[in-house]
Amino acid sequence: MLQSKLPDIGTTIFTVMSQLSTEMKAINLGQGFPDFPMSEELTALVAKAMQDGFNQYAHMAGLPALLEAIAQKVLYLYNNTVDPYAQITVTPGGTYAIYTALTTILQPGDEVIVFEPAYDSYVPNVEVNGAKAVLIPLQYPGYSIPWPAVKEKINAKTKAIIINSPHNPTGSIISRADIEELRNITSNTGIYIISDEVYEHLIFDGLRHESMLRYPDLMERSFVCASFGKTYHCTGWKIGYCITSAPLMKEFRKVHQFNCFSCDTPKQVALAQYLGNKDAYLGLGSFLQKKRDYFQQLMQATPFTPLPSYGSYFQCYNYAAISNEADKNFAIRITKEYGVACIPVSAFYKNAKDDKVVRFCFAKKESTLQQAVERLSKISVV
């Protein structure tokens, strides 16, 4: 009989809620994908690339033109010069980049610090590599990092810390003060940083994205994972990249070349050209902030209590004024009774910690958000 490497893992809550949403013909504010069109210019560039014959394998590390365009973007945004050929690898999505980074560095018995609530791939990625996830809860309700707790958990087995900013599911972000704490903890150690920055451009209120790419000393020990799907509203494309120091990237590619080997060539050709349009990513924060603000304004007509969101596709809401139900039961009930799907935040904790909080995705058309909140406003207090 097969011995499972992930015996405690079942069907994800995202699959459960999306299936329920479909069955109930509900408005799906659960999964993080837009329902508005992506750039016609970018899709036209992909079609042209295919018509022009760019349909065979790209280089294992990525199309040279795309690697160069990413490096130019890093220099422009973060004033950091990276070698496009030695420090960047194109990957089939940000989640793949995170998995490959962890697989590159982990040995059985290693420990990885994971902050909860956490994107649901982190813990399984750690465990499938024979390592242990050391779970530290973020401080509710602002979901900030409790650095004294981190220092207590550091030991000789600590191999990595996973940082996610802007944060999924909460929309919190790390600050310059967090950077200093991270620097103090990891300097002169063998601790690596897995930096999940797939929402790097989706940041609000004039705040700055504190990328590891801004800090050369941190970048040398970091795997920075990014996503074109989140940047250009094409989550189904599953294309992203990883940036790290040259020695670490050499090891990363050893894993990558025998797993994925090469990513979608026509999309790489198109993205290499489209990255030259800086406005397309520089305007993303204000574009999504307008949707966040519109959603917040609409939600004032409901009994939900908003929690801060400074980035990403998401905003969390506390429903304690409505019901004392477990968050999963609450999410299922409102999907069935009111036709709006969300995600219970307990799903992002291994022990299912329940603060009576659910996550909504506001990366939707205004009409979608309006219809959803019209339904949510009818929720009765129980």
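The values are calculated or read from the model by the stated rules, or taken from the named source; none is laboratory data. Please read all numbers here as calculations on a predicted model, not as lab measurements. Quick reminder, even Gly has a Cβ in these numbers, built from the backbone with ideal geometry, and neighbours come from all protein chains shown.
Numerical summary
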item	result
Evaluation of Leu182 against (1) aliphatic (A, V, I, L, M); (2) surrounded by 17 or more Cβ atoms within 10 Å (Cβ to Cβ); (3) within 25 Å of Ser346 (Cβ to Cβ) (one fails), failing number	(3)
Residue check, Leu102 surrounded by 22 or more Cβ atoms within 10 Å (Cβ to Cβ) and in the same structural domain as Ile173 (by TED's automatic domain parsing)	yes
Total residues in the range 303-324, condition free of Cβ contacts under 8 Å to residues at least 24 places away in the same chain and over 22 Å from the mean Cα position of the chain (by Cα)	1
Contacts under 7 angstrom Cβ, first residue in the range 190-205 being over 13 Å from Leu288 (Cβ atoms), partner basic (Lys, Arg) and surrounded by 24 or more Cβ atoms within 10 Å (Cβ to Cβ), 6 or more apart	Val198/Lys230
Of all residues making up the range 31-60, the number that are loosely packed, with under 11 Cβ neighbours inside 10 Å and at pLDDT 95 or above	6
Yes/no for Ser172 being closer than 17 Å to Gly285 by Cα and surrounded by 15 or more Cβ atoms within 10 Å (Cβ to Cβ)	yes
Selection count where residues are out of contact with any helix residue (DSSP H, G or I) (no Cβ under 8 Å at 6 or more places or on another chain) and buried (at least 21 other Cβ atoms within 10 Å of the Cβ), scope the range 234-279	1
Given (1) at pLDDT below 95; (2) out of contact with any His (no Cβ under 7 Å at 6 or more places or on another chain), index of the condition Ala65 fails	(1)
Any hit, the range 323-335, residues being under 19 Å from Gln139 (Cβ atoms) and either in contact with a Lys or Arg (Cβ under 7 Å, 6 or more places away or on another chain) or charged (D, E, K, R) (or both)	yes
Selection count, the range 109-162, where residues are part of a helix (DSSP H, G or I) and of a type in the set (Phe, Trp, Tyr)	2
The lone exception for Glu127 - which of (1) acidic (Asp, Glu); (2) within 24 Å of Val74 (Cα to Cα); (3) surrounded by fewer than 22 Cβ atoms within 10 Å (Cβ to Cβ) it fails	(2)
Subset tally (residues that are within 24 Å of Asp293 (Cα to Cα), surrounded by 19 or more Cβ atoms within 10 Å (Cβ to Cβ) and not charged (D, E, K, R)) for the range 340-367	12
Verdict on Val134 being surrounded by fewer than 22 Cβ atoms within 10 Å (Cβ to Cβ), without any contact (Cβ under 8 Å) to a residue 40 or more places away in the chain and in contact with a helix residue (DSSP H, G or I) (Cβ under 6 Å, 6 or more places away or on another chain)	yes
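Here's the yes/no breakdown for (1) out of contact with any helix residue (DSSP H, G or I) (no Cβ under 7 Å at 6 or more places or on another chain); (2) part of a strand (DSSP E or B); (3) small (Gly, Ala, Ser); (4) not assigned by TED's automatic domain parsing to the domain that holds Glu210:
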residue	(1), (2), (3), (4)
Thr302	no, no, no, yes
Gln315	no, yes, no, yes
Asn324	yes, no, no, yes
Ile334	yes, no, no, yes
Val381	yes, no, no, yes
